[in-house]
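S.K.: Please read through the structure below; I'll follow up with questions.
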Amino acid sequence: MRLQPRQELLSVWKAICRWCGPAKSFNWADRGGSNSISDAELLLCLLLPPQRLPEIRFDRPDTTQSDVYGALSSFGGPVDIPQRVVELIGSYLTTYTDPKTQAPTFAAGNYLTTAPDDDREPIPEQLALEVVDAFATAVVFCTAAIQFLRGYRPQVTRKAYLEEIVRVEEAAQKRLTAAMVGLLRSFTISVFPADAPQGRVLRETVYPGSGYSGDLVGRIRSALGDVMAGLRELGISPDLVEDLLDNREKLFECGWSWGVVQGAAPVKTPSGAVFDQPGIAESFPYLYFTVVAVDGIRDLFSRDTRLAGLLNEEQQGLARVLNLQWDLAQSYWSALATLGEGRWPVEELPWRTTDEEESDYYSLLVLSLVRHALADRGAPDSDLARITSVLEDLADRGRIRRRPLANDPALLMHQPGRWVVLVGADQVGAGGPPVGWRLGELSSLLLGRALALAAQVNDPQEEARLVRLSDDIWRHLHRRRLGDDTPGAGLWDDPGNVYASLPRRDKPSWYHTTRVVQCMSTAAEYIQRESPPGTRLSANAADLLSEAERVFDKEQLRGSSAGGPSLRDSLNRQGAGLRRARQLMGTRPGTAVSILHEVLRELDKLAAAREEAGD
């Protein structure tokens, strides 16, 4: 693999230190300024990698390796680094807490923009809007921060430091609870007649070229039967759900809107906290925010979160509801994307949403949900190979592996990115323009999905295919790093380095840098995993082991072990080699084959020597 996670992650840390400066005068802003999402993304660049690659941990000063504290030298020495990180986490949590209500805030700030052809700026009330991306990022950030704080606390003896750690963890827990409630109140369903415009697009997406028929609608509803039953169990919009269940001529979508939806029920936690801020987001699922929410919520059920006991009792209750929402959304989109016989709908590029927008970016988002669903149910490699083919097509169509055309519209997906209007956001304040969200991380999202899929497949040839694709995408992303002659050298993102027709950038974006760092962390997990052995290689190793054991047993039977010291030492070594090869058969058959070749070679030398001696 071309991507070497350890070296690249340390390089990113050095670049962050150059841009942000010493921890005491830390510069949070990227090229767009600061907001609750981008500042959390910056901290995630520091907190996430050690959780995926323990060798670069810095929460235990006695074991921090020299290249790690060298990369974070602006924070001080091994003892200073975790202290400074605690201070940064605490500063972030204080900054994004309302001083009047002491409630966490999740404003999207400068991440909200007007349409590309609209030269107006969002008004302050719109910049204060809270979005699902902020909630999901907060879930990932808070779980990472709490895990870091708990790993560092046993190393601390000074009372003042211990009190600071406790205070910061309590603030992180409070923010995590608020983020979970925000996600819970942003989940929504949309029900529409099968012959309405939304129903027509959904039908044509699943069954291209098919006209309206009750039988076709019935097949779609049948495939989504478990999801519809789960919506009743979820308990939101009960009248709407009952209408859907009772009316066989209706279809639906479910997932996350861009923020807390209109009419969202208040949530009261066991501790007495009440979350009743009125929602303004339309009650309609957005594909991008659904994928963001699914990825963020997955962190709540990760092995590390469970083993470390990061969630308190109150959060565990919220997590159970989020788990149901997460399962319903993932099941819905993956069922639609793989419905029917022959080619899956997700293989028909590009994906079209029910508001009649289509983009390869949407295909990649849907593919993310399909991959998760296939992994959860242990799908065969033949299904995973179909996803690989779509990823390759998207890399080509996105001009990541192919040369762009003149005035190529595909480049717009890289910069400025696809703009999605947030319906309802223009109702805030007086005279606010329509505002939206830019989707621009196609390359990093594609790399992350390819690496995750490579860790999922069991076929070595399919795995090698995905690694080659990952190498191609990483080569592309590496070129998009800001150059040494720029203030943000070593960080991301400058598509102009790859595509000459795009404007150049010289300052970093934490939005893009964090996503590349997440890819590096995924690559580290992939490299560390035990690769499943190939069937042919395993069979070859088994045959060699059988032959080597027979030859060895014959030498024992002839009494070779009773010979001189040199002969006995040789047989002892070959016996140890056989035992080692047998241990490796299930996980590393290639290594076992190498050992067995050497064992057979040495045993043959003994046989040849005996023949020359006339035995």
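Any read-out appearing in this document is the output of simple, stated calculations on the displayed coordinates, not a laboratory observation. Everything numeric in this text was worked out from a predicted model, so none of it was measured. Positions of Cβ are generated from backbone atoms using ideal geometry, with glycine treated the same way; all protein chains shown enter the neighbour counts.
S.K.: If you put +1 on each Lys and Arg Cβ and -1 on each Asp and Glu Cβ, how big is the dipole of the chain around its Cα centre, in Debye rounded to 20?
M.R.: Details: 69 positive and 82 negative charges, 353 e Å.
With only Lys, Arg, Asp and Glu charged at Cβ, the dipole is about 1700 debye.
S.K.: Let me ask something additional. Given the range 200-316 reduced to its alpha-carbon atoms as identical point scatterers, what log10 I(q)/I(0) does the Debye formula return at q = 0.13 Å⁻¹?
M.R.: -0.73
S.K.: Could you go through the range 94-108 in sequence order and give the Karplus-derived ³J(HN,Hα) for each residue, using 6.51 cos²θ - 1.76 cosθ + 1.60 with θ = phi - 60°, rounded to whole Hz, and x for Gly and Pro?
M.R.: Each residue of the range 94-108 in turn: 5, 4, 9, 10, 5, x, 7, 9, 6, 9, x, 10, 9, 5, 7 Hz.
S.K.: Can you list the equivalent-ellipsoid semi-axes of the range 387-430, largest first and in whole Å, using the square root of 5 times each Cα gyration tensor eigenvalue? Write out the running numbers ahead of the final one.
M.R.: Numbers: eigenvalues 205, 44, 6 Å².
In descending order, the three semi-axes are 32, 15, 6 Å.
S.K.: Suppose R0 equals 22 Å. What FRET efficiency, 1/(1 + (r/R0)^6) with r the Cβ-Cβ distance, do L307 and Q583 give to the nearest 0.05?
M.R.: On the way: r = 27 Å, r/R0 = 1.23.
Working from the Cβ atoms, E equals 0.20.
S.K.: So for the pair A500, N540, with labels modelled 7 Å out along Cα→Cβ, what separation do we get in nm?
M.R.: Placing both labels 7 Å beyond Cα along the Cβ direction yields 4.6 nm.
S.K.: Got the relative contact order for the range 539-612 handy, in percent, Cα pairs under 8 Å and 6 or more residues apart? Please list the in-between numbers first.
M.R.: Numbers: 52 pairs, mean separation 28.0, N = 74.
Computed value for the range 539-612: 38 percent relative contact order.
S.K.: Taking Cα pairs under 8 Å and at least six residues apart, what relative contact order does the chain come out at, in percent?
M.R.: Computed over the chain, the figure is 15 percent.
S.K.: Let me ask another. With a point put 7 Å past each Cα toward its Cβ, work out how far A608 is from R479 in nm, to one decimal.
M.R.: 5.2
S.K.: Can you tell me what the convex hull of the Cα atoms of the range 329-461 projects to on average, as an area in nm²? Could the numbers behind the result be given before it?
M.R.: Numbers: hull surface 41.0 nm².
Computed as one quarter of the Cα hull surface, the answer is 10.2 nm².
S.K.: If the label point is 7 Å along Cα→Cβ of N323, which residues in the range 366-380 have backbone nitrogen under 12 Å from it?
M.R.: Those under the cut-off are none; the list is empty.
S.K.: On a straight-distance basis, which lysines could pair with K24 in a cross-link, Cα separation under 22 angstrom, same-chain partners fewer than 8 positions away excluded?
M.R.: K14, K159, K507
S.K.: What is the gain in length, in nm to one decimal, between H597 and E314 on full extension, counting 0.36 nm per residue of separation less the C-alpha to C-alpha distance? All intermediate terms of the calculation are to be shown ahead of the outcome.
M.R.: Working: separation 283, 0.36 × 283 = 101.88 nm, distance 5.88 nm.
Residue separation times 0.36 nm, minus the Cα-Cα distance, leaves 96.0 nm.
S.K.: Of W19, C142, L394, whose Cα points farthest to the positive end of the dipole of the chain (charges on the beta-carbon: +1 Lys, Arg; -1 Asp, Glu; origin at the Cα centre)?
M.R.: Farthest towards the positive end: W19.
S.K.: While we're looking at this one, here's another question. For L439, which sequence-distant residues (separation of 5 or more, or a different chain) have an amide H within less than 5 Å of its own amide H, given hydrogens modelled in the peptide plane?
M.R.: It is R418, W419, V420, by chain and number.
S.K.: Using Cα pairs closer than 8 Å and at least 6 residues apart in sequence, work out the relative contact order for the range 355-499, in percent.
M.R.: Numbers: 142 pairs, mean separation 29.4, N = 145.
This gives 20 percent for the range 355-499.
S.K.: In sequence order, what are the phi-derived ³J(HN,Hα) couplings for the range 262-267 according to the Karplus relation 6.51 cos²θ - 1.76 cosθ + 1.60 with θ = phi - 60°, rounded to whole Hz, with x for glycine and proline?
M.R.: Whole-Hz 3J(HN,Hα) from phi for the range 262-267: 4, x, 4, 5, x, 10.
S.K.: Please list 417-425, 217-225 highest first by mean number of surrounding beta-carbon atoms within 10 Å per residue.
M.R.: Values: 417-425: 20.1, 217-225: 16.7.
Highest mean packing first, the order is 417-425, 217-225.
S.K.: For the range 539-612, build the charge dipole from Cβ charges (+1 Lys, Arg; -1 Asp, Glu) around the Cα centre, then report which of L545, M585, L600 sits farthest towards its positive end.
M.R.: So the residue furthest toward the plus end is M585.
S.K.: For the peptides 37-48, 261-272, 56-67, 352-363, what is the packing order when you average, over each peptide's residues, the other Cβ atoms within 10 Å and list the highest mean first? Write out the running numbers ahead of the final one.
M.R.: Working: 37-48: 23.2, 261-272: 14.1, 56-67: 15.9, 352-363: 18.6.
Per-residue Cβ counts within 10 Å, averaged per peptide and sorted highest first, yield 37-48, 352-363, 56-67, 261-272.
S.K.: Find, among the trypsin sites (Lys or Arg not before Pro) in the range 306-351, those assigned to loop by DSSP (not H, G, I, E, B) with at most 15 other beta-carbon atoms within 10 angstrom. Please report the intermediate quantities before stating the final value.
M.R.: Numbers: sites: R306, R320, R343; in loops: R343.
Those that pass, being in a loop and sparsely packed, are R343.
S.K.: Mind listing the long-range amide H neighbours of T338? Cut-off is under 5 Å, sequence gap 5 or more, other chains count too, H placed in the peptide plane at 1.01 Å from N.
M.R.: Those lying under 5 Å, H to H, from T338: there are none.
S.K.: Can you show me the helix-derived [θ] at 222 nm for the chain, built from DSSP H runs with n ≥ 4 at -39,500 (n - 2.57) apiece and divided by the number of residues, rounded to the nearest 500.
M.R.: -18500 deg cm²/dmol
S.K.: Apply the Debye scattering formula to the range 539-612, with a single equal point scatterer on each alpha-carbon and no solvent, then give log10 I(q)/I(0) at q = 0.12, 0.26 Å⁻¹.
M.R.: Debye intensities relative to I(0), on a log10 scale: -0.30, -1.16.
S.K.: Okay, moving on. For the range 141-202, report the translational diffusion coefficient in µm²/s to the nearest whole number, using Stokes-Einstein at 20 °C, 1.002 mPa s, and a Kirkwood Rh over Cα pairs. Don't jump to the answer; show the numbers that get you there.
M.R.: Working: Rh = 14.9 Å.
D = 144 µm²/s.
S.K.: With no solvent and one equal point scatterer placed on each C-alpha of the chain, evaluate the Debye formula and give log10 I(q)/I(0) for q = 0.06 Å⁻¹, two decimals.
M.R.: Taking Cα atoms of the chain as identical point scatterers yields -0.39.
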